[in-house]
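As structure tokens, the structure follows; a few thoughts come after it.
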Number of protein chains: 2
Amino acid sequence: MANEFSVVGKKTPRIDAFERVTGQAQYTGDIELPNMLYARVLRSPHPHAKIVSVDTSKAEKLPGVKAVIHCLNTQVPWTSGGATHRRYIFNNPVRYVGDAVAAVAATDRYIAEDALGLVEVKYEKIPHVLDAKEALKPDAPKIAPNGNLSVGTGNFSAPITEEWGDLEKGFKEADRIFEDTYISKHVNNAQMERRVSVAKWEGGKLTVWASTQGVSNARTDIAKDLELPLSKVRVVCKYMGAGFGNKNQAQDYDLMTAVLARATGQPVKLEFTREDDFIGMHGRWSSEQHYKIGVKKDGTITAVDLDAVTNMGAYRKQSGNLSGTDFYDIPNFKKVVKPVHTNTVVAANYRAPAYPQSVFGFASFLDQIAYELGVNPYDMFMRNRARLYHHKIPFTSNAMEECIVEGAKRIGWNEKWHKAGASSGAKKHGIGMALGGYPFRPGLGAATIRVNPDGTAHVLVGVTDIGTGAKSTMAIIAAEALGIPLNQIQLTNGDTDVTPFCIGESGSRNTSFTGTAVIAAAEDVRKQIFNVAAPQLKAKAEELDLKEANVFVKSDPSQKLPLSKALSRIGSEIIGRATTNPTFKDVEGKSFAAHFAEVEVDTWTGYVKITRYVAAHDSGTILNRLTAESQVMGGVVQGIGMALTEELLIDRPTAIPINPNYRDAKVPTHLEVPEVEVIFIEPYDPYGPFGGKVVGEPPITPAVATVANAIFNATGKRFKELPITPDKILRAAQV
Amino acid sequence: MANEFSVVGKKTPRIDAFERVTGQAQYTGDIELPNMLYARVLRSPHPHAKIVSVDTSKAEKLPGVKAVIHCLNTQVPWTSGGATHRRYIFNNPVRYVGDAVAAVAATDRYIAEDALGLVEVKYEKIPHVLDAKEALKPDAPKIAPNGNLSVGTGNFSAPITEEWGDLEKGFKEADRIFEDTYISKHVNNAQMERRVSVAKWEGGKLTVWASTQGVSNARTDIAKDLELPLSKVRVVCKYMGAGFGNKNQAQDYDLMTAVLARATGQPVKLEFTREDDFIGMHGRWSSEQHYKIGVKKDGTITAVDLDAVTNMGAYRKQSGNLSGTDFYDIPNFKKVVKPVHTNTVVAANYRAPAYPQSVFGFASFLDQIAYELGVNPYDMFMRNRARLYHHKIPFTSNAMEECIVEGAKRIGWNEKWHKAGASSGAKKHGIGMALGGYPFRPGLGAATIRVNPDGTAHVLVGVTDIGTGAKSTMAIIAAEALGIPLNQIQLTNGDTDVTPFCIGESGSRNTSFTGTAVIAAAEDVRKQIFNVAAPQLKAKAEELDLKEANVFVKSDPSQKLPLSKALSRIGSEIIGRATTNPTFKDVEGKSFAAHFAEVEVDTWTGYVKITRYVAAHDSGTILNRLTAESQVMGGVVQGIGMALTEELLIDRPTAIPINPNYRDAKVPTHLEVPEVEVIFIEPYDPYGPFGGKVVGEPPITPAVATVANAIFNATGKRFKELPITPDKILRAAQV
């Protein structure tokens, strides 16, 4: 199938590569407007406190200060995402160290920062709780009005429960039953671009230049919170420096910027510092996962019972679920996950939100069970891989088996695997694997395409391109669907005034949702082109095709006409448009992955070096091999960081985060990460655009467990709590 | 008919009024880009000279100078509009004082200006000619390769000839035959915003922020001259400060800016000084019109023979035609107009290019003939008004008669008209009238409309809104056609990357061409909305209507659904699109006007005061009464300037223009112009959007003649050469 494509499937450099590498790309932080003010946010030093008074008089006297807003003079709801209780841009009481207390707009950044120090806030401290299980105790300080079990609104229920089959029967059928607990920590998304927002009012119309993963969703949220019609809010994001899930929707800083701009009558830019960025937004929810697993002697799973808590921090924004069991065929299953509020930094979406921490727990435990049963982990994973969604619904396509086979072959599993801990010497070598993936779904997308009289084309889509290369993907899909060379396609993105609705780049949905609409818009264009060209080619419109900018008769391709010639006759532009919203019926979609790592563990220093990494992925047809490979590499790197080094540390007595910055959070650098060998298995998925599924989120899902399992294979020590830092390895080595 | 409209026909403030009056509107001159250079143009001091050498070494040594381009190192064609001979951005020989010789880009404006003085050009002078009739003599200096009769390419033939009926027969049928010559002068468009262009290259893609009347045409021209595909050229113009016909297409300064930006690798801004603006672009072609007119005793025209020359200056860009006879029913007609090259500033389009100078000549002469015949001018004009186009083809609508009747009634013609010169005293009072109008045509337009889930809408159109209020007109048309209130409509304009093709605001075509497409795009949206709403209203889609953001059953309007509710069910955006290109068959279109002025002529000072002015217009349905009235007022003001004060004066020995600036060109100010009383007669034209025809150009067409005829009525002196300055009046008064 892939061979039939003209544009799809190649290694295509990003269409905006030139602008990006030459520094011409205008990110939100580069926006400078005449008469613009600069804003900064004052954050709570207390984990839980009532604000009694805010005295802004000294701050307002500082020359250059134009406005100070805070919870006692400004009550603007911030409803983005879900919520357990109504959240405002400034809340009272404050519920974690870092909760926003006030924002200042001034004529320059330094005055704004100085002014923060002049805002006098009187707090009345309230007892606080940091630990999720502690927070569930009856006498724990109450953070949310309804209690600390985060009973969400909208899609976010609590506890999150899921059940199928007959758990009791499953455990009865088991030869052995294992129970254990795995713990993951809060890690920050740590994307390169700090949050920044620029807002400007023109009459009743608000424009926000946001650093957002989705301009349409950001617009919807801002319009809702500020009570504006959609047409009066414009959200623009042309380039952005990643978000990994924590730049979805509109955030409090977007709203603060808009409110300050309205208050001052001047454009306002609010930039987060890196510390703001680590504590003012959110990271991945930590978890404590207790598993009870029944297996046959050969490792075949008969039942899984998962009971877990996830720490959502002070406010609920997203699900708090754990979904790492999804890649396995489990006949009898029960899951209870309790998202819990604590007086800590908020936890919400970070690339494959419910997966890597959960895959870490479950795949580590399966690896451990394999060890206990004397089964090769390869067989354990192969045997239990998912064939049906939730043991019931067929997948639209599924090449997990090939991923396992080809990945194992590439890394040389058979030659390299040894019994755990059998490696000798101070530097111990080991190999590990795990399975992952991510749901693939169809949904709402929109696109318009304009074909110029010279046969070149303009594609308008709402994508923001958070780093995934989404712009290029959309242009590739358009080129393929139109039959016009890629270099003849101009793409405009990320501007709600001019680009159609886009779901936003979360949930790896963009290629599927918007890509499908691009194909439909191209069809709309092609139909019109064929109507124009038919008389010129003395054929019926339905007999025509268009490839490489030539319109031709399908049955006789020598009967052809350059597109520019076909259109020059009418001298006009052809406009195509589509809003598409396909659904699945009796099928489920998923991308699959099997990852393999080799590690060298230095038992003298505790340092883990990943010497080789193979990532085999089934994402259906790969639309752009270059950006898809980059996605896999990036996901693996983040998984490695989560496995080995990253954790937001909180000083327990004060509840103050002590490492909210790149260096201290120990986000991996080029020095710490290996080359990632990427293998794509490409079943043509009938539901995806040109057979493609999802690429963005799958790569991070198995990476943490893969590294952990390789460390186990090297050392014979099972680490059940992340991150697997040198001190933990040294302690284990001493046992 | 007009009563049925919800939005159309009211006095609607401009949708961008807030941005304009608060200074937030970003005109091209306001564009500032990082690392931007500033450019200036060196112009020829000679009317005709060969450039032998250009030494840029001193200029290039000036710190801050980044590039110097000129005719000997840069040969880029400038083919915009028509041409008699290939024109470049720098030409050799130079052909008029002001012809561009070189352009400099430097780090600031002052360095660029200083550098101009350091460019050393060696000229070899060539004999020159300034007068059009002189230029046609065999021994005149040859300006164009094919001779000085400007034999145009494309639509521009030379001489321009038109003929119908039987001229000889017509003159035979005449009771009397009159012959005379009328002369008009070169006047500058004198729009407020000077020309400015900003260009930036990103990789192979060029963006030009232009001050243009048409972004699509500008893009087409730039792409052609720089040999780029259309998708690689983006032209943006969000706000512009008028052009009146001399900012059509792409101009040499746009190309110079693009070339300098490419040469330097930096963005470049080129701003014209006011002097550049007066001599570097173009004004209205001057003319010498010789008429022979046959009439019956009662004034009925039997034949018109017009033999004229128009002075096009050094290069041909537009037609050079004279069309003022179009508003009359002439059974036998012949016209020969010879556009001629001279070594003067270029003449091309200025609001109703072929009309006001020509109406001045013809309507002055008709007024004179009426006087000679003893016929009241009212009867003369009424009797000879056009009933058929070129005495043959019916008009789509024609309310010229009502314009004459209602205008005359308003000004009190019957009471005020007296025999010419019968006014006594030093301050003489008089009244005059003339007929005008402008062609109305259908043609190529495009639009897209997106309706948000909350029922608000985005309209995308390519209009630049040169001051006419075109953005507002398009939004009004969209609101009316959609059935959505105007304040729920957001409009994006003037950006070839995102807005559909637009003919550009020339020829008063925009309301008709683009407006028709907006209606069609709205229909496309409505169809989709009705499909979505039909099941909710338990009706068929074709039974539904949409007004005031409510979808309802036509036969039972109580069965209704708010649009936002209808769409919220599907949660998606509806996109409509249209490219329309209607044509006339066996009809011609025209807007009509009859103007009336009262003047007071001070025969001691020569000063003419216009004491009252009534302008009666048939432009079909008026879509926005506020902007339409402004259009009429503006056109009248320009006509008054042309009648009384304006003329680009050229020093004959040196050929240097001596008054190329606002003050010396004597463009009217508020002190010189009267209130203009505007009357709209509104036949519903079946071919126009909501019955509308054209408004932009008609108002200037009769204004010059109206003032001239009023002066004749006051003084009894016929002025046959424009402008009718105090010195001419004083000289005539002494006779």
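Things to note:
- Pairing each residue of the range B:609-633 that is modelled with pLDDT of 95 or more with any residue that is basic (Lys, Arg) and assigned to a helix (DSSP H, G or I), provided the two are 6+ apart or on different chains, yields C-beta distances under 8 Å for B:614/B:410; B:616/B:410.
- Among the residues of the range B:384-406, those that are buried (at least 18 other Cβ atoms within 10 Å of the Cβ) and touching an Asp or Glu at 6+ places or on another chain (Cβ under 9 Å) comprise B:384, B:385, B:386, B:389, B:395, B:396, B:397, B:398, B:399, B:400, B:403.
- Qualifying residues in the range A:604-637 (those that are assigned to a helix (DSSP H, G or I) and touching a Pro at 6+ places or on another chain (Cβ under 8 Å)) - the one farthest from residue A:398 (Cα to Cα): A:637
- Looking across the range B:1-50, the residues that are away from chain A (no Cβ under 14 Å), more than 20 Å from residue B:622 (Cβ to Cβ) and within 27 Å of the chain's Cα centre (by Cα) come down to B:28, B:40, B:41, B:43.
- Here the condition is being touching a residue at least 60 places away in the same chain (Cβ under 8 Å) and more than 14 Å from chain A (Cβ to nearest Cβ); of B:597, B:549, B:578, it holds for B:597 alone.
- Residue that is modelled with pLDDT of 95 or more, more than 30 Å from residue A:652 (Cα to Cα) and polar (S, T, N, Q), where the choices are A:28, A:22: A:28
- Residue A:272 meets the conditions (1) away from chain B (no Cβ under 14 Å); (2) surrounded by 23 or more Cβ atoms within 10 Å (Cβ to Cβ); (3) under 26 Å from the mean Cα position of the chain (by Cα); (4) at pLDDT 95 or above in every case but one. The failed one is (2).
- Condition check for residue A:211: more than 14 Å from chain B (Cβ to nearest Cβ) and either buried (at least 23 other Cβ atoms within 10 Å of the Cβ) or modelled with pLDDT under 95 (or both): yes
- Hits in the range B:459-481 (condition: more than 25 Å from residue A:579 (Cβ to Cβ) and either at the interface with chain A (Cβ under 10 Å from one of its Cβ atoms) or in a helix (DSSP H, G or I) (or both)): B:470, B:471, B:472, B:473, B:476
- The set of residues in the range A:311-367 that are closer than 26 Å to residue A:380 by Cβ and in a strand (DSSP E or B) comprises A:328, A:333, A:334, A:335, A:336, A:337.
- Considering only residues in the range B:368-408 that are at pLDDT below 95 and at positive phi, the one that is farthest from the chain's Cα centre (by Cα) turns out to be B:391.
- Residues in the range B:569-580 that are among the polar types (S, T, N, Q) and either over 17 Å from residue B:458 (Cα atoms) or part of a strand (DSSP E or B) (or both): B:579, B:580.
- Residue among A:400, A:433, A:380 that is of a type in the set (A, V, I, L, M) and more than 23 Å from residue A:678 (Cβ to Cβ): A:380
- In the range B:218-231, the qualifying residues are those that are buried (at least 22 other Cβ atoms within 10 Å of the Cβ) and more than 12 Å from residue B:79 (Cα to Cα), and the one that is farthest from the other protein chains (Cβ to nearest Cβ) is B:219.
- Top-ranked residue in the range B:408-458 [being within 14 Å of chain A (Cβ to nearest Cβ) and polar (S, T, N, Q); ranked as farthest from residue A:460 (Cα to Cα)]: B:456
- Residue identified as crowded, with 24+ Cβ neighbours inside 10 Å and without any contact (Cβ under 8 Å) to a residue 60 or more places away in the chain among B:303, B:308: B:308
- In the range A:482-498, the residue that is farthest from residue A:6 (Cα to Cα) out of those that are in a loop (DSSP other than H, G, I, E, B) and either more than 9 Å from chain B (Cβ to nearest Cβ) or more than 28 Å from the chain's Cα centre (by Cα) (or both) is A:494.
- The residues of the range B:552-575 that are within 14 Å of chain A (Cβ to nearest Cβ) and over 30 Å from residue A:574 (Cβ atoms), listed by number, are B:562, B:564, B:568, B:569.
- Enumeration of residues in the range B:147-189 that are part of a loop (DSSP other than H, G, I, E, B), small (Gly, Ala, Ser) and either on the phi < 0 side of the Ramachandran plot or at pLDDT 95 or above (or both): B:150, B:152, B:157, B:158, B:165, B:174
- Residue B:517 vs. criteria aliphatic (A, V, I, L, M) and within 11 Å of another protein chain (Cβ to nearest Cβ): yes
- Failed criterion for residue A:577 (all others in (1) buried (at least 24 other Cβ atoms within 10 Å of the Cβ); (2) within 22 Å of residue A:728 (Cα to Cα) hold): (2)
- Entry remark, the range B:54-102: residues being buried (at least 17 other Cβ atoms within 10 Å of the Cβ), out of contact with any Phe, Trp or Tyr (no Cβ under 8 Å at 6 or more places or on another chain) and of a type in the set (Gly, Ala, Ser) number 5 in total.
- Breaking point among (1) loosely packed, with under 15 Cβ neighbours inside 10 Å; (2) touching a Pro at 6+ places or on another chain (Cβ under 8 Å); (3) assigned to a loop (DSSP other than H, G, I, E, B), for residue A:50: (3)
- Residue match in the range A:586-604 (condition: at pLDDT below 95 and within 30 Å of residue A:639 (Cα to Cα)): yes
The values are calculated or read from the model by the stated rules, or taken from the named source; none is laboratory data. All figures in this text were calculated on a predicted structure; none of them were measured in a lab. Don't worry about glycine lacking a Cβ; one is built from the backbone with ideal geometry, like all the others, and counts go over all protein chains shown.
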